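Colleague: What follows is a structure written as structure tokens; I'll ask about it next.
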There are 2 protein chains.
Amino acid sequence: MDAVGGDYAPHNVLAGALDALRDTGNRFEVLFVGPEDMVRSGLAKIEHNGLAYQIVNATQVIDMQDSATAALKQKKDSSIAVGITLHKEGRADAFVSAGHTGAVMSASTLILGRIEGVSRPTIGAFLPTENGVCLLVDAGANVDCKSQHLYQFAVMGSIYSQKMLHLQNPSVGLLSIGEESSKGNDATLEAHKLLSQSKLNFIGNVEGRDILKGKANVVVCDGFVGNVVLKFAESVLDLLKTKIRRYAAHGIMQKAWAGMMAGTLRSILKDFDYQEYGGVPLLGVNGVSIIGHGKSTPKAIKNMILKAEDMVRKNINRSIRETLQTVRGL
Amino acid sequence: MDAVGGDYAPHNVLAGALDALRDTGNRFEVLFVGPEDMVRSGLAKIEHNGLAYQIVNATQVIDMQDSATAALKQKKDSSIAVGITLHKEGRADAFVSAGHTGAVMSASTLILGRIEGVSRPTIGAFLPTENGVCLLVDAGANVDCKSQHLYQFAVMGSIYSQKMLHLQNPSVGLLSIGEESSKGNDATLEAHKLLSQSKLNFIGNVEGRDILKGKANVVVCDGFVGNVVLKFAESVLDLLKTKIRRYAAHGIMQKAWAGMMAGTLRSILKDFDYQEYGGVPLLGVNGVSIIGHGKSTPKAIKNMILKAEDMVRKNINRSIRETLQTVRGL
């Protein structure tokens, strides 16, 4: 566990991880990786008696402002590099961080290596839909994707959804600009062919409007598109809040009404609360590496750790390797 | 005016166009293009005395289900082909349609030709922002864009916003996956350089979350990304409606509350009503060609016609031609 990753580290990280240990009766052990004094002073403020943790010293912290590549070169003793190395060496079964996404991704790929058959590891992200959640993959890790990359994202996303979300035969949609197989750009047109020939439950192209409708369990796209859609989605609620706030400024009655309305809307839209989903996995690396939002609450951290444990037990990487082995020439 | 384009044609088209004539005191003349009997029977149901219209017979109608290219080949006497030809021949100053977007685009490009310096005509679309509207360009006409295409979209979008939305020096943002100039895909990285060297008010990369914040007046992107974002945006309100409806199903009190809330939300979010913007222009063709939503109301049709008149008077195409002439080698 990267003890110093995230905007509210170490407090939220320690609190969430200790909750996970408490709730599971120490079903696993947590190694807190980071500058020892920081971790100790953080722990001093939280009840932690009898919980199965250890501290592993790492003297450096990668800040959110750092460039991923530069930070990994210059900060060899960062919590991220040390933590992932612990995993690589088998002293930990998984690595979890709410820190620098790019650094966790790069370090995981470099240190753990890629699963055989995977050209590019990918990050998925969850979006709420009318009937559950949808896994959007790639969520921003890879731009300028070729068709075989999109195909691999589909395989990894499908296996993840099946094993982790308990979906029997997850439907996979290819994000494009029209339902017809003739609609799309060069990469999606070619990916459509690959996916049609695959054993995945491929339902064809889906459009921007189909994501929130929940038309597919897994929506496959280039990381450029995925990143734009996710950030756009996040901003919609902000716009709504601004509009309601302005409406409230019209008078005392409007203010009261807007306040009540905002409360109800919040409860209606609680699915949009990504904290519930507890981080997103980096798929395609030789290991289990989970990346959380910088603003992760203790609850989100707890969910990330439980998810990491689940991924280890289910051995998702073996399924990915085996599935990709059966396909030639990609 | 394509009299038979759109889901509620000819009624909405005729009603909107006649309103435009009435409101402006016949400041211009409208040619209704379509099967004469359909137009006449539509007109019979609407007050039209003393209004400056003519009917131009075109025997065929391109349906929404038709493929654009096939329809243009097979239906030589369609309202779209005949209407655009009237414009090409100088018998009309502009063409307006709420019909088949792809067919209007293809026919306009083929019949009217491109403005010198424009590689690919483009369609923009408006999105509401916290402080007004934003023009997203390209909105779906062109996929697999190269940097020079993105650059040309920026020039056309900027001129359109300046002349039509009365913005002194419209800010132009390049949609990407991070603010830094080093973030993006191959096309946007290269386009960033071209835009930085241009005379446009280029504010650099903008992210998905910046669109609705109104960070830029013009947001430039590949038509694949633009199409996905627009369709996604449309669907957000649908999800909200579904959630509110489900909440209402919890009981009689919830139902009353949800009803009141939906009403207020509607009034708060009326900017999302694209009808107000009255269609989107096809930029880069040698003429004025405006494309409306298939579900256009009479009000939207009226606004489209007034916008067409405005574009003709302001001679936007001359500005586009002159601006692109000053740049070499693109």
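The values are calculated or read from the model by the stated rules, or taken from the named source; none is laboratory data. This is a predicted model, so every value here is computed, not measured. With ideal geometry, Cβ positions are generated from the backbone for all residues, glycine too; neighbour counts draw on all protein chains shown. Calculation scope for accessible area: heavy atoms of the full protein, side chains included, ligands and nucleic acids excluded. Shrake-Rupley method; radii C 1.70, N 1.55, O 1.52, S 1.80 Å.
Colleague: Answer with yes or no whether B:Ala103 is outside the structural domain of B:Asn227 (by TED's automatic domain parsing) and either at pLDDT below 95 or closer than 22 Å to B:Asp222 by Cα (or both).
Modeller: Criteria met by B:Ala103.
Colleague: From the residues in the stretch A:112-166 that are open to solvent by 10 Å² or more (accessible area, probe 1.4 Å) and β-branched (Val, Ile, Thr), which one is farthest from the other protein chains (Cβ to nearest Cβ)?
Modeller: The qualifying residue farthest from the other protein chains (Cβ to nearest Cβ) is A:Ile159.
Colleague: Might you let me know whether the stretch B:66-86 holds any residue that is open to solvent by 30 Å² or more (accessible area, probe 1.4 Å), touching a residue at least 40 places away in the same chain (Cβ under 8 Å) and closer than 20 Å to B:Ile301 by Cα?
Modeller: No, there is no match, as no residue in the stretch B:66-86 is open to solvent by 30 Å² or more (accessible area, probe 1.4 Å), touching a residue at least 40 places away in the same chain (Cβ under 8 Å) and closer than 20 Å to B:Ile301 by Cα.
Colleague: For the subset of the stretch A:232-251 comprising residues that are open to solvent by 30 Å² or more (accessible area, probe 1.4 Å) and at the interface with another protein chain (Cβ under 7 Å from one of its Cβ atoms), which member is farthest from the chain's Cα centre (by Cα)?
Modeller: Filtering the stretch A:232-251 for residues that are open to solvent by 30 Å² or more (accessible area, probe 1.4 Å) and at the interface with another protein chain (Cβ under 7 Å from one of its Cβ atoms), the one farthest from the chain's Cα centre (by Cα) comes out as A:Tyr247.
Colleague: Of all the residues that make up the stretch A:262-284, how many are open to solvent by less than 20 Å² (accessible area, probe 1.4 Å), at pLDDT below 95 and over 24 Å from A:Gly214 (Cβ atoms)?
Modeller: Residues in the stretch A:262-284 being open to solvent by less than 20 Å² (accessible area, probe 1.4 Å), at pLDDT below 95 and over 24 Å from A:Gly214 (Cβ atoms): 1 in total.
Colleague: Sticking with this structure for a sec: Do you know which residues across the stretch B:75-91 are in contact with a Leu (Cβ under 9 Å, 6 or more places away or on another chain), farther than 14 Å from B:Gly34 by Cβ and either in a loop (DSSP other than H, G, I, E, B) or of a type in the set (S, T, N, Q) (or both)? Break it down stepwise before answering.
Modeller: As a first pass, look at the stretch B:75-91 and keep what is in contact with a Leu (Cβ under 9 Å, 6 or more places away or on another chain): B:78, B:80-81, B:83-84, B:86-88, B:91.
Checking the rest, the ones that are also farther than 14 Å from B:Gly34 by Cβ come to B:87-88, B:91.
Listed by number, the list holds a single entry, B:Arg91.
Colleague: Here's something else I'd like to know. Please go through the stretch B:167-182 and give me each residue that is open to solvent by 10 Å² or more (accessible area, probe 1.4 Å) and either in contact with a Gly (Cβ under 7 Å, 6 or more places away or on another chain) or of a type in the set (Asp, Glu) (or both), ordered by number.
Modeller: B:Ile177, B:Glu179, B:Glu180, B:Ser181 - these are the residues of the stretch B:167-182 that are open to solvent by 10 Å² or more (accessible area, probe 1.4 Å) and either in contact with a Gly (Cβ under 7 Å, 6 or more places away or on another chain) or of a type in the set (Asp, Glu) (or both).
Colleague: Pairs only if they're at least six apart or on different chains, beta carbon under 8 angstrom, first in the stretch A:249-262 and over 18 Å from A:Leu237 (Cα atoms), second open to solvent by 100 Å² or more (accessible area, probe 1.4 Å); list them, first residue then second.
Modeller: A:Ala249/A:Lys255
Colleague: Being more than 7 Å from chain B (Cβ to nearest Cβ), in contact (Cβ under 8 Å) with a residue 60 or more places away in the chain and either surrounded by fewer than 20 Cβ atoms within 10 Å (Cβ to Cβ) or not aliphatic (A, V, I, L, M) (or both) is true for just one of A:Asn217, A:Asn205, A:Asn227, A:Asn201. Which residue is that?
Modeller: Only one candidate passes the filter, namely A:Asn217.
Colleague: Please verify whether A:Leu31 is touching a Leu at 6+ places or on another chain (Cβ under 9 Å) and modelled with pLDDT under 95, treating the condition exactly as stated.
Modeller: no
Colleague: For B:Asp63, only one of the following conditions fails: (1) closer than 30 Å to B:Thr326 by Cα; (2) free of Cβ contacts under 8 Å to residues at least 40 places away in the same chain; (3) open to solvent by 60 Å² or more (accessible area, probe 1.4 Å). What is its number?
Modeller: Result: B:Asp63 fails condition (1) only.
Colleague: Would you mention how many residues in the stretch B:97-111 are in contact (Cβ under 8 Å) with a residue 40 or more places away in the chain, open to solvent by less than 10 Å² (accessible area, probe 1.4 Å) and of a type in the set (A, V, I, L, M)?
Modeller: So the answer is 3.
Colleague: Determine if the stretch A:38-60 includes at least one residue that is touching a Gly at 6+ places or on another chain (Cβ under 9 Å), open to solvent by 50 Å² or more (accessible area, probe 1.4 Å) and at positive phi.
Modeller: The answer is no; no qualifying residue exists.
Colleague: Let me ask you something else. Mind listing just one residue for me: the one in the stretch A:285-330 that is among the hydroxyl-bearing types (Ser, Thr, Tyr) and surrounded by fewer than 20 Cβ atoms within 10 Å (Cβ to Cβ) and, of those, nearest to the chain's Cα centre (by Cα)?
Modeller: A:Thr297
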